[in-house]
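Worksheet: one structure, shown below.
The values are calculated or read from the model by the stated rules, or taken from the named source; none is laboratory data. Note that the structure is predicted; figures quoted are calculated from it, not measured. Every residue, glycine among them, receives a Cβ derived from its backbone with ideal geometry; neighbour counts consider all protein chains shown. SASA here: full protein model, heavy atoms, side chains in, ligands and nucleic acids out. Shrake-Rupley method; radii C 1.70, N 1.55, O 1.52, S 1.80 Å.
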Amino acid sequence: MGQGQWTEVDAFLSSLLVGEDEALAEAHTAAQRAGLPPISVSAAQGKLLYLLAKTLGAKRVLEIGTLGGYSAIWMARALPKDGHLVSLEYSPRHAEVASGNIARAGLVGIVEIRVGAAADTLPKLAAEGGEPFDMVFIDADKGGYPDYLDWSLQLTRPGGLIVADNVVRGGAVADGLSRDPNVQGVRSYLEKVAADPRLEGTVMQTVGVKGYDGLSIARVVG
């Protein structure tokens with residue numbers, strides 16, 4: 001088994017159980033036209049995020065790392081009409097593309113994109129003192145993951161979920177001697193999840209159109 005078979009199976013399962021409508025397909029196309037890196041979640045992963053938010057009965061979702069808005073569209077569609085998704089994006093160009101994709105998906109009133117380094121926007125978000133989030137999705141620079149977890153814990157309600165993408169790194173996460181800052185970032189993140197009594201979590205390894213990687217899913221206990 002390898003990438004070819006993983007991609008073939010992913011395509012079959014996505015066509016059977018997931019599907020992409022025009023807005024989602026155009027989100028991918030617009031991101032490609034704009035030269036954004038092809039690193040958004042897969043359709044199956046997007047559907048998983050949707051189902052997690054839906055199962056939680058989420059009304060407020062925080063996303064760290066917008067890219068082209070593909071994952072934001074999936075999660076925002078799980079929210080009620082008075083729901084709110086805040087997505088933090090470092091690149092103004094990425095935010096511009098995402099804003100267009102979100103507008104085409106009819107989610108302007110639900111999704112809010114804030115531009116700037118998450119190290120700056122997260123403290124500002126916390127200082128606003130708004131209602132806690134029901135779910136956080138982290139898919140940004142891996143070196144920042146440990147700090148993003150700290151802020152997510154401050155901003156998420158008990159019983160909420162903190163989900164982080166790309167934590168397996170093609171298996172490199174198991175290499176404690178790796179000098180790759182991305183690997184060390186996700187290792188530190190997972191170690192903090194394991195050590196914090198406020199969290200209970202696991203990692204689901206994934207294969208498919210995005211290759212070999214995995215998602216960390218942690219529940220805020222209290």
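Some observations on this one:
- Of all DSSP beta bridges confined to the chain, the antiparallel ones make up roughly 45%.
- The range 106-166 shape via C-alpha gyration tensor axes, a/c threshold 1.5: rounded
- In straight-distance terms, cross-link reach from Lys142 covers every one of the aspartates and glutamates whose alpha-carbon lies under 20 Å from its own, apart from those fewer than eight places away in the same chain; here that gives Glu63, Glu89, Asp120, Asp150, Asp165, Asp175, Asp180, Glu191, Asp196, Asp213.
- Put Ser99, Ser216 in order of accessible area, highest first, and with a 1.4 Å probe you get Ser99, Ser216.
- Taking the square roots of 5 times each eigenvalue of the Cα gyration tensor of the range 76-178, largest first, gives ellipsoid semi-axes of 25, 18, 14 Å.
- Cα gyration tensor shape for the range 46-130, rounded if a/c is under 1.5, else prolate or oblate: oblate
- Under 5 Å, built H, 5+ apart or other chain: amide partners of His84: Arg60, Val61
- Taking Tyr189, Tyr212 and ordering them by how much accessible surface each has at a 1.4 Å probe, largest first, produces Tyr212, Tyr189.
- Across the chain, Cα pairs under 8 Å and at least six residues apart give a relative contact order of 19 percent.
- Over the range 1-94, Cα pairs under 8 Å with separation of 6+ residues give a relative contact order of 27 percent.
- For the set Arg157, Arg33, Arg198, solvent exposure ranked by accessible area (probe 1.4 Å, protein chains only) runs largest to smallest as Arg33, Arg198, Arg157.
- In terms of overall dimensions, the C-alpha atoms belonging to the range 123-209 reach 39, 29, 23 Å along their principal axes, ordered largest to smallest.
- Label selected from (i) 8, 34, 40, 17, 1; (ii) 8, 34, 36, 17, 4, 0; (iii) 8, 28, 30, 19, 10, 4, 0, the criterion being P(r) over Cα pairs in 10 Å bins from 0, in percent as computed here: (i)
- Using θ = phi - 60° and Karplus 6.51 cos²θ - 1.76 cosθ + 1.60, couplings along the range 132-139 (whole Hz; Gly, Pro as x): x, 7, 8, 7, 10, 10, 9, 8
- Given charges at beta-carbon only (K, R positive; D, E negative), |dipole| of the range 37-91 in Debye: 260 debye
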